[in-house]
Amino acid sequence: MIEKLVGNRYDECAPKRRALFAGSSNGRTSASGAEYLGSSPSPAAINFMSSSASNADAFYTEVATSKRVWTIKDKDGFPAPMNADKVRSAPFWSSEKRAQNVIDDAEAYAGFKTHEISLDDFIQKWIPGLKRDGRLVGLNWSGPFVKGFDLDPNVVAKALDFSIQKRTQE
């Protein structure tokens, strides 16, 4: 692998991310790690879904334009916290500013530094490595509870390919 993905102390953010879905009635979780919402989702859950969807959409559009992906790392490597489904997710952002905002806003990531990855390396090395290791891809996580969508690496690769194709046709 490129460098190790670690998950120990960074798991403290996961319960805070799951707590947003406390208003759910059925308690099941999706493949992305987000809890399925019952008939009366909490206002926090609705806000999470809309901001996370917007951030995921921005990830594809911004990466298709910049041809760069950002992650964060510290002396131990790259974070890979566990989601509600007990699957580890590696976080990635579409800009250095977005990644830096998480470092600045989330106590669990204090002391991390941003790390740039070319789009080619992300597609050719990181996506296959994450898939091989059974990791999900966290897209543009944000806020003090570091929330956002966690998706299968192949889904992310296909969506990026679509966004790049769309961008070249404009």
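Worth pointing out:
- Residue 156 being touching a Ser or Thr at 6+ places or on another chain (Cβ under 6 Å), at pLDDT 95 or above and part of a helix (DSSP H, G or I): no
- Residue within region 128-147 that is surrounded by 13 or more Cβ atoms within 10 Å (Cβ to Cβ), part of a helix (DSSP H, G or I) and touching a Lys or Arg at 6+ places or on another chain (Cβ under 7 Å) present: no
- Check on residue 155, farther than 19 Å from residue 81 by Cα and of a type in the set (A, V, I, L, M): yes
- Selection of first residues in region 145-170 that are over 17 Å from residue 58 (Cβ atoms) and touching a residue at least 40 places away in the same chain (Cβ under 8 Å) and of second residues that are surrounded by fewer than 17 Cβ atoms within 10 Å (Cβ to Cβ) and of a type in the set (Lys, Arg), restricted to Cβ pairs under 8 Å at least 6 apart or on distinct chains, gives the following pairs, ordered by first then second residue: 145/16; 152/131.
Condition check ((1) touching a residue at least 40 places away in the same chain (Cβ under 8 Å); (2) in contact with a Cys (Cβ under 7 Å, 6 or more places away or on another chain); (3) in a helix (DSSP H, G or I)) across all residues:
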| site | (1), (2), (3) |
| --- | --- |
| 73 | yes, no, no |
| 78 | yes, no, no |
| 85 | yes, no, no |
| 89 | yes, no, no |
| 97 | no, no, yes |
| 102 | yes, no, yes |
| 111 | no, no, no |
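- One residue from 97, 86 being of a type outside the set (A, V, I, L, M, F, W, C) and at pLDDT 95 or above: 97
The values are calculated or read from the model by the stated rules, or taken from the named source; none is laboratory data. What you see is a predicted model; the values in this text were computed from it and never measured. Note that each Cβ is placed from the backbone with ideal geometry, even for glycine, and that neighbours are counted across all protein chains shown.
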